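*Asks:* Below you will find the structure I want to go over with you.
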Amino acid sequence: MKGLHIKATGRCLPKKILTNDDLSRMVDTNDEWITTRTGIKQRHICDGERNIDLAIGAATRALEKAAVRPEEIGALVVTTFTPDYYTPAVACLLAKALGLSHDIPAFDMNAACSGFLYALQVANGLLLQEERPYALIVGSEVISKTTDWSDRSTCVLFGDVAGAALVERREVGAFCTALGCDGNAVPLYCGGAGDEDRFIRMDGGEVFKFAVRIIPQTVEALLQKSGLTLADIDYFVCHQANKRIIDSAAKKLKAPQEKFFINLDRYGNTSSASIPIALDEMGEAGLLKPGVKTLCVGFGAGFTWGGAILEW
């Protein structure tokens, strides 16, 4: 199957770490309550860093790993719901910082926590029309600025980070995507300009039920489109929102738990950055050898969802 291949990844973390014990001194919670319900132990929080700072760090690392020059990049897509400005886009600032060519598309897109999966499909389409061989996708989020630190149901969940992927088209190898949205904005939302409440609000029970249903559905849709089976997939990389969600989805699929990569204990829910930083850690750990197939699934506000099969 023709399609995208990830050539290199990178990530950038704020220096400040907020542990569960730290949160227990800010709001009525404790480490046991957070860990048993989410699997999260700590998260990185910006303390002076901006979205663009994280995006530059992650993108630069991916370019360095790939030994790719800025002039070889044919498209730049940044996925975020927490940009520094309404306009200009983070991507515009990032393109200038990286020294990318002026005649390529560079823009932000918001599909919430599914953003990275949406961006893979978008980058695939953009490269069909581009002579340059590579596209850069960056998921960059500063969720702490939309967090109500007095709301223990949400403030324990989220973290700030950026993850990047340098992608190229190739003629062989597994690649397919499945994307969707049902327009249900009530269970999970974040206020915007002019809204009195600008913080993330969530009905955790509804989000849990949605996620446990949509992950298996997306996996099955991808397997059907690709002609692969569960046994053909080496690793499943889900959006890192909640360990109980991932465990429940694995059980529903009757797939081995050890095939599901988890790093949310160290980062929390980082929205569209969660899958690229997971892939970056997996690459550093030597898990993503040539021929390895990963199936990635994201879900988020909207409700949106997306999935992709990638071969390394």
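The values are calculated or read from the model by the stated rules, or taken from the named source; none is laboratory data. No experiment lies behind these values; they were computed from the predicted model shown. All Cβ positions, even for glycine, are placed from backbone atoms using ideal geometry, and neighbour counts span all protein chains on display. Protein only, heavy atoms only, side chains kept; ligands, DNA and RNA dropped before computing areas. Shrake-Rupley method; radii C 1.70, N 1.55, O 1.52, S 1.80 Å.
*Asks:* Might you let me know whether the stretch 65-79 holds any residue that is touching a helix residue (DSSP H, G or I) at 6+ places or on another chain (Cβ under 8 Å), under 23 Å from VAL156 (Cα atoms) and of a type outside the set (Gly, Ala, Ser)?
*Replies:* For the stretch 65-79, residues touching a helix residue (DSSP H, G or I) at 6+ places or on another chain (Cβ under 8 Å), under 23 Å from VAL156 (Cα atoms) and of a type outside the set (Gly, Ala, Ser): present.
*Asks:* I need a count of the residues in the stretch 90-111 that are open to solvent by 20 Å² or more (accessible area, probe 1.4 Å) and either touching a Phe, Trp or Tyr at 6+ places or on another chain (Cβ under 9 Å) or not aliphatic (A, V, I, L, M) (or both).
*Replies:* Final tally of qualifying residues: 12.
*Asks:* Out of the stretch 58-83, which residues are open to solvent by 10 Å² or more (accessible area, probe 1.4 Å), farther than 21 Å from ALA273 by Cα and among the small types (Gly, Ala, Ser)?
*Replies:* The one that is open to solvent by 10 Å² or more (accessible area, probe 1.4 Å), farther than 21 Å from ALA273 by Cα and among the small types (Gly, Ala, Ser): ALA67.
*Asks:* How many residues, within the stretch 193-220, are of a type in the set (D, E, K, R) and at pLDDT below 95?
*Replies:* The first filter runs over the stretch 193-220 and keeps only residues of a type in the set (D, E, K, R), leaving 195-198, 201, 203, 206, 209, 213, 220.
Cutting the leftovers down to at pLDDT below 95 gives us 195-198.
So the count comes out to 4.
*Asks:* Right, next: Assess whether VAL186 counts as being over 15 Å from the mean Cα position of the chain (by Cα), under 23 Å from PHE208 (Cα atoms) and assigned to a loop (DSSP other than H, G, I, E, B). Talk me through it step by step, then tell me what you get.
*Replies:* On the way: over 15 Å from the mean Cα position of the chain (by Cα): yes; under 23 Å from PHE208 (Cα atoms): yes; assigned to a loop (DSSP other than H, G, I, E, B): yes.
For VAL186, the condition - over 15 Å from the mean Cα position of the chain (by Cα), under 23 Å from PHE208 (Cα atoms) and assigned to a loop (DSSP other than H, G, I, E, B) - is met.
*Asks:* Next question, about the same structure. So if I check each of ALA178, ALA165, which one is in contact with a Pro (Cβ under 9 Å, 6 or more places away or on another chain), buried (at least 22 other Cβ atoms within 10 Å of the Cβ), not aromatic (Phe, Trp, Tyr) and not in a helix (DSSP H, G or I)? Quick ask: steps written out before the conclusion?
*Replies:* Values: ALA178 fails: in contact with a Pro (Cβ under 9 Å, 6 or more places away or on another chain).
Just a single option satisfies the conditions, and that option is ALA165.
Yes/no per residue for (1) touching a helix residue (DSSP H, G or I) at 6+ places or on another chain (Cβ under 7 Å); (2) in contact (Cβ under 8 Å) with a residue 60 or more places away in the chain:
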{"residue": "LYS209", "(1), (2)": "no, no"}
{"residue": "ALA231", "(1), (2)": "no, no"}
{"residue": "LYS243", "(1), (2)": "yes, yes"}
{"residue": "LYS251", "(1), (2)": "no, no"}
{"residue": "GLU258", "(1), (2)": "no, no"}
{"residue": "ILE275", "(1), (2)": "yes, yes"}
{"residue": "ALA301", "(1), (2)": "yes, yes"}
{"residue": "TRP305", "(1), (2)": "yes, yes"}
{"residue": "GLU311", "(1), (2)": "no, yes"}
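*Asks:* Ok, one more. Can you tell me how many residues in the stretch 58-102 are in contact (Cβ under 8 Å) with a residue 24 or more places away in the chain and out of contact with any strand residue (DSSP E or B) (no Cβ under 8 Å at 6 or more places or on another chain)?
*Replies:* 7
*Asks:* Give, as residue ranges, the helices (runs of 4 or more DSSP H) completely inside the stretch 228-312 that count at least 1 residues that are over 18 Å from the mean Cα position of the chain (by Cα), modelled with pLDDT of 95 or more and of a type in the set (Asp, Glu).
*Replies:* Numbers: elements: 243-253, 264-267, 274-284.
Answer list for the stretch 228-312: 243-253.
*Asks:* Check the stretch 10-33 and report whether any residue there is of a type in the set (Val, Ile, Thr), surrounded by fewer than 17 Cβ atoms within 10 Å (Cβ to Cβ), touching a helix residue (DSSP H, G or I) at 6+ places or on another chain (Cβ under 7 Å) and touching a residue at least 24 places away in the same chain (Cβ under 8 Å). Don't jump to the end; show me each part of the working.
*Replies:* Here is the first cut: in the stretch 10-33, the ones of a type in the set (Val, Ile, Thr) are 17, 19, 27, 29.
Imposing the further condition that a residue be surrounded by fewer than 17 Cβ atoms within 10 Å (Cβ to Cβ) reduces the set to 17, 19, 27.
From what's left, touching a helix residue (DSSP H, G or I) at 6+ places or on another chain (Cβ under 7 Å): 27.
Subset that is touching a residue at least 24 places away in the same chain (Cβ under 8 Å): 27.
Scanning the stretch 10-33, I find at least one residue that is of a type in the set (Val, Ile, Thr), surrounded by fewer than 17 Cβ atoms within 10 Å (Cβ to Cβ), touching a helix residue (DSSP H, G or I) at 6+ places or on another chain (Cβ under 7 Å) and touching a residue at least 24 places away in the same chain (Cβ under 8 Å), so the answer is yes.
*Asks:* Anything in the stretch 261-292 that is under 26 Å from GLN224 (Cβ atoms) and either in contact with a His (Cβ under 6 Å, 6 or more places away or on another chain) or surrounded by 18 or more Cβ atoms within 10 Å (Cβ to Cβ) (or both)? List them, or say none.
*Replies:* Answer for the stretch 261-292, where residues must be under 26 Å from GLN224 (Cβ atoms) and either in contact with a His (Cβ under 6 Å, 6 or more places away or on another chain) or surrounded by 18 or more Cβ atoms within 10 Å (Cβ to Cβ) (or both): PHE261, SER272, SER274, ILE275, PRO276, ALA278, LEU279, MET282, LEU288.
*Asks:* Moving on to the next point. Looking only at the stretch 181-230, count every residue that is within 19 Å of ARG152 (Cα to Cα), surrounded by 15 or more Cβ atoms within 10 Å (Cβ to Cβ) and out of contact with any Leu (no Cβ under 6 Å at 6 or more places or on another chain) and tell me the total.
*Replies:* 9
*Asks:* For the subset of the stretch 134-162 comprising residues that are in a loop (DSSP other than H, G, I, E, B) and touching a helix residue (DSSP H, G or I) at 6+ places or on another chain (Cβ under 8 Å), which member is most open to solvent (accessible area, probe 1.4 Å)?
*Replies:* First, the residues of the stretch 134-162 that are in a loop (DSSP other than H, G, I, E, B): 142, 147-151, 156-157, 159-160.
Remaining after also requiring touching a helix residue (DSSP H, G or I) at 6+ places or on another chain (Cβ under 8 Å): 142, 147-149, 156-157, 159-160.
Numbers: VAL142: 11, THR147: 10, ASP148: 26, TRP149: 73, VAL156: 2, LEU157: 18, GLY159: 0, ASP160: 2 Å².
Going through the qualifying residues, I end up with TRP149.
*Asks:* Within the set of pairs 6 or more residues apart or between chains, which connect a residue that is farther than 18 Å from SER272 by Cβ and touching a residue at least 40 places away in the same chain (Cβ under 8 Å) inside the stretch 118-129 to a residue that is crowded, with 24+ Cβ neighbours inside 10 Å and β-branched (Val, Ile, Thr) with Cβ atoms less than 9 Å apart?
*Replies:* LEU127/VAL167
*Asks:* State the number of residues belonging to the stretch 112-149 that are among the acidic types (Asp, Glu) and closer than 30 Å to ASP197 by Cα. Lay out the reasoning, then the answer.
*Replies:* We begin by selecting, within the stretch 112-149, every residue among the acidic types (Asp, Glu); these are 130-131, 141, 148.
Going one step further and asking which of them are closer than 30 Å to ASP197 by Cα, we end up with 141, 148.
So the count comes out to 2.
*Asks:* Which ones in the stretch 158-204 are among the aromatic types (Phe, Trp, Tyr) and closer than 30 Å to GLY283 by Cα?
*Replies:* We begin by selecting, within the stretch 158-204, every residue among the aromatic types (Phe, Trp, Tyr); these are 158, 175, 189, 199.
If the condition is that a residue be among the aromatic types (Phe, Trp, Tyr) and closer than 30 Å to GLY283 by Cα, then PHE158, PHE175 are the ones that fit.
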